[in-house]
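Novice: Mind having a look at this structure? Questions to follow.
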Amino acid sequence: MRRFILYWLPLGVYTALIFILSVIPSGDEMPDIWQIDKVFHLGAYSILGLLLARVLTVSGVLMVVVVATSLAFSFGFVIEVYQYFLATRDFSYLDAVANGVGAFIGAYTWGGLFHKRG
């Protein structure tokens, strides 16, 4: 139960948050700076990549950075495809790229800096 609360619950809550924020109607809340949303994608998926790498590490998965990046990128890509079918959203290849780069940064940060090597 402790492992679930410490590792899986934060990942699940954060993944749900990303999904909800990705499907609600978009408005004009974004700052009027060209492509600033890519920075938000990169940041959000960096956190997701880190949380995934953290869970995978305690679960004994090998190649944590590769697996975490792949899972986070796939999740982001599926959301981008889903947004294509929403009236107030659209599919963006650049968003998908920002998601993947962010996922790698987060997973690599966990794997390279925080994971204790034994």
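Novice: Sorted by mean Cβ packing within 10 Å, highest first, what order do the peptides 67-79, 44-56 take?
Specialist: Top of the packing list down: 44-56, 67-79.
Novice: Related question: Can you give the calculated 222 nm mean residue ellipticity of the chain, where each DSSP H run of n ≥ 4 adds -39,500 (n - 2.57) and the sum is split over every residue, rounded to the nearest 500 deg cm²/dmol? If you can, show how the numbers build up before the last one.
Specialist: Values: 4 runs with 76 residues, N = 118.
Per the formula, -22000 deg cm²/dmol.
Novice: If eta is 0.692 mPa s and T is 37 °C, what Stokes-Einstein diffusion coefficient results for the range 46-118, Kirkwood Rh from Cα pairs, in µm²/s? Could you put the intermediate results ahead of the total?
Specialist: Working: Rh = 12.5 Å.
This corresponds to a translational diffusion coefficient of 263 µm²/s.
Novice: Something else: Enter the Cα centre distance for the pair the range 76-98 and the range 43-75, rounded to the nearest angstrom.
Specialist: The range 76-98 and the range 43-75 have Cα centres spaced 20 Å from each other.
Novice: In degrees between 0 and 90, to the nearest 10, how far off the longest principal axis of the chain does helix 93-109 point, with axes built from Cα atoms?
Specialist: 20 degrees
Values quoted throughout were computed directly from the atomic coordinates according to the rules given, and no laboratory measurement underlies them. All values derive from a computational prediction rather than experimental measurement. As a convention, Cβ positions derive from the backbone with ideal geometry for all residues, glycine included, and neighbour counts pool all protein chains shown.
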